[in-house]
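Colleague: Take this structure, written in structure tokens, and hold onto it; I'll ask about it next.
The values are calculated or read from the model by the stated rules, or taken from the named source; none is laboratory data. Values in this document were obtained by computation on a predicted structure and should not be read as measured data. We place every Cβ from the backbone using ideal geometry, glycine too, and count neighbours over all the protein chains shown.
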Amino acid sequence: MIYEDITEFATALPPMRAVAGLDLGTKTIGVAVSDGLRSVATPIETIKRKKFTLDAEALIVILQKRDIAGVVLGLPRNMDGSEGARCQSTRAFARNFTRLWDGPITFWDERLSTVAAERALLEADTSRKRRSEVIDHVAASYILQGALDRLRHLGG
């Protein structure tokens, strides 16, 4: 089920289980996961996008292997807060994904997550080639960490 409100998402989550964060790009999907206490987001991998069914299958393998309870999708709003074509695409992905996976899904405003991830990688003196390999799942961890911090503030 898709929850627009993270408070409702929090109540749908079973206790002591990890959540995943996804950064949906046109060519890749960055994946990050939390610990069971939902305090720390860790970037784990980037899936090269092919077509929806293959992308969804790859995600489901990760979600099942890691016993993931819920998914936070980065919502790429415009800087003024409005929603454009990329938000529509993310919402469509979520709707399609709910047909294949029955855990709760919510959205998190991802504005500047890629910028923050890029800055962190630059500060870590990561090579350009390595940055391009990891930027998407590092961005996913920024998205997920923002949501985790909000969930903790809610007491969830």
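Colleague: Return the residues of the range 18-28 that are at pLDDT below 95 and assigned to a loop (DSSP other than H, G, I, E, B); say none if nothing qualifies.
Modeller: Hits for the range 18-28 are 25, 26, 27.
Colleague: Given the criteria in a strand (DSSP E or B) and either within 17 Å of residue 140 (Cβ to Cβ) or aromatic (Phe, Trp, Tyr) (or both), does residue 73 qualify?
Modeller: On the way: in a strand (DSSP E or B): yes; either within 17 Å of residue 140 (Cβ to Cβ) or aromatic (Phe, Trp, Tyr) (or both): yes.
Yes: the conditions hold for residue 73.
Colleague: Go through the range 139-156 residue by residue and tally those that are out of contact with any Gly (no Cβ under 7 Å at 6 or more places or on another chain) and modelled with pLDDT of 75 or more.
Modeller: Step one: of the range 139-156, the residues out of contact with any Gly (no Cβ under 7 Å at 6 or more places or on another chain) are 142, 145-146, 148-156.
In the following step, the residues that additionally are modelled with pLDDT of 75 or more were identified as 142, 145-146, 148-154.
The qualifying residues number 10.
Colleague: If a residue must be within 16 Å of the chain's Cα centre (by Cα), closer than 15 Å to residue 93 by Cα and hydrophobic (A, V, I, L, M, F, W, C), how many such residues does the range 53-65 contain?
Modeller: Residues flagged as within 16 Å of the chain's Cα centre (by Cα), closer than 15 Å to residue 93 by Cα and hydrophobic (A, V, I, L, M, F, W, C) within the range 53-65 amount to 4.
Colleague: Among the listed residues 106, 42, which satisfies the condition of being under 15 Å from residue 145 (Cβ atoms) and in contact with a Ser or Thr (Cβ under 8 Å, 6 or more places away or on another chain)?
Modeller: On the way: 106 fails: in contact with a Ser or Thr (Cβ under 8 Å, 6 or more places away or on another chain).
Matching residue, one of 106, 42: 42.
Okay, residues lined up against (1) assigned to a strand (DSSP E or B); (2) over 20 Å from residue 142 (Cβ atoms); (3) in contact (Cβ under 8 Å) with a residue 12 or more places away in the chain:
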| residue | (1), (2), (3) |
| --- | --- |
| 10 | no, no, yes |
| 16 | no, yes, yes |
| 30 | yes, no, yes |
| 38 | no, no, yes |
| 42 | yes, no, yes |
| 45 | yes, no, yes |
| 50 | no, yes, no |
| 54 | no, yes, no |
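Colleague: Check the range 114-132 and report whether any residue there is surrounded by 13 or more Cβ atoms within 10 Å (Cβ to Cβ), at pLDDT 75 or above and touching an Asp or Glu at 6+ places or on another chain (Cβ under 9 Å).
Modeller: No, that holds for no residue.
Colleague: Also, I was wondering about something else. Six or more apart or on different chains, Cβ atoms under 9 Å: show the pairs whose first residue is in the range 137-148 and farther than 18 Å from residue 62 by Cα and whose second is among the β-branched types (Val, Ile, Thr) and surrounded by fewer than 24 Cβ atoms within 10 Å (Cβ to Cβ).
Modeller: From the range 137-148, the pairs are 142/114; 145/40; 147/6; 148/40.
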